[in-house]
Amino acid sequence: MSTVSYYTAEGLKKLREELDHLKSIERPKASQAIAEARDKGDLSENAEYDAAKEAQGMLEMRIAKLEEVHSNARLIDETNLDVSKVLVLSNVKIKNQANGMELKYTLVAESEADLKSGKISVTSPIGKGLLGKSVGQIAEITVPNGKLIFEVLEISRD
């Protein structure tokens, strides 16, 4: 059974662009590579042909997977989200109680998580621990390394 994935408008657009790229550019390239390899002679001993067929199979699997994800994708309506609590698409400023370090994260769907750009998944330990918290509340989060204690300093939406 397939699962529903939630996306921001930006994330859904990236998913559609990747799917379109694979279908309109990569698929014809794969067909062309097979045709060129087929023209090189005996198919029973043609490693280039076998490799091109395998690459095409992998491409078709990727396209099928993305089509499934796209068909189960749901757009998050940001206008109905409560700004007083940490929810998906919240920009959260937190303070680590152990060392006083302040961090800023945006909570996003798992498919859009990117730690380098400050986007963490709502299904990650920190994301789960922050969900539902309000400004001033303390979140005790169990992570593989132990326990972290964060204070929620700020919640906003862009």
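Couple of notes before you dig in:
- Rounded accessible area of Leu148 (nearest 10 Å², 1.4 Å probe): 50 Å²
- Extension gain, Arg62 to Arg16, is 15.2 nm, computed as 0.36 nm per intervening residue step minus the present C-alpha separation.
- Of all DSSP bridge pairs formed entirely within the stretch 3-144, close to 50 percent run antiparallel.
- Accessible surface, 1.4 Å probe, highest first, among residues Ser117, Ser44: Ser44, Ser117
- Percent of Cα pairs exceeding the 18 Å cut-off, where the set is the chain: 68 percent
- Length released on extending from Thr123 to Glu36, taking residue separation times 0.36 nm less the Cα-Cα span: 26.7 nm
- Carbon and sulfur %, accessible surface of the stretch 1-106 computed with the full protein complex present, 1.4 Å: 52 percent
- R0 of 41 Å, Cβ-Cβ distance Lys23-Gln97: FRET efficiency to nearest 0.05: 0.25
- 0 to 90° range, to nearest 10: angle between helix 9-21 axis and the chain longest Cα axis: 10 degrees
- Solvent-accessible surface (1.4 Å probe) assigned to Asp50 amounts to roughly 80 Å².
- Using a probe of 1.4 Å, the accessible surface attributed to Thr142 totals some 100 Å² when neighbouring protein chains are kept in position.
- Between Leu59, Leu15, Leu87, the residue with the greatest mean-square fluctuation in the GNM of the chain (Cα pairs under 10 Å linked by springs) is Leu59.
- Per residue, the solvent-accessible area of the stretch 16-158 (1.4 Å probe, heavy atoms of protein chains only, all protein chains present) comes to 63 Å².
- Sites counted here are trypsin sites (Lys or Arg not before Pro) in a DSSP loop (not H, G, I, E or B) having no more than 16 other Cβ atoms within 10 Å; the longest part of the chain that contains none of them is 86-156.
- The per residue volume of the convex hull around the alpha-carbon atoms of the stretch 71-157 is 100 Å³.
The values are calculated or read from the model by the stated rules, or taken from the named source; none is laboratory data. In this text, all values refer to a predicted model and were calculated from it rather than measured experimentally. A quick note on method: Cβ atoms are made from the backbone with ideal geometry, for glycine too, and the neighbour counts reach across all protein chains shown. In case anyone asks, the SASA skips ligands and DNA or RNA and just uses the protein heavy atoms, side chains included. Shrake-Rupley method; radii C 1.70, N 1.55, O 1.52, S 1.80 Å.
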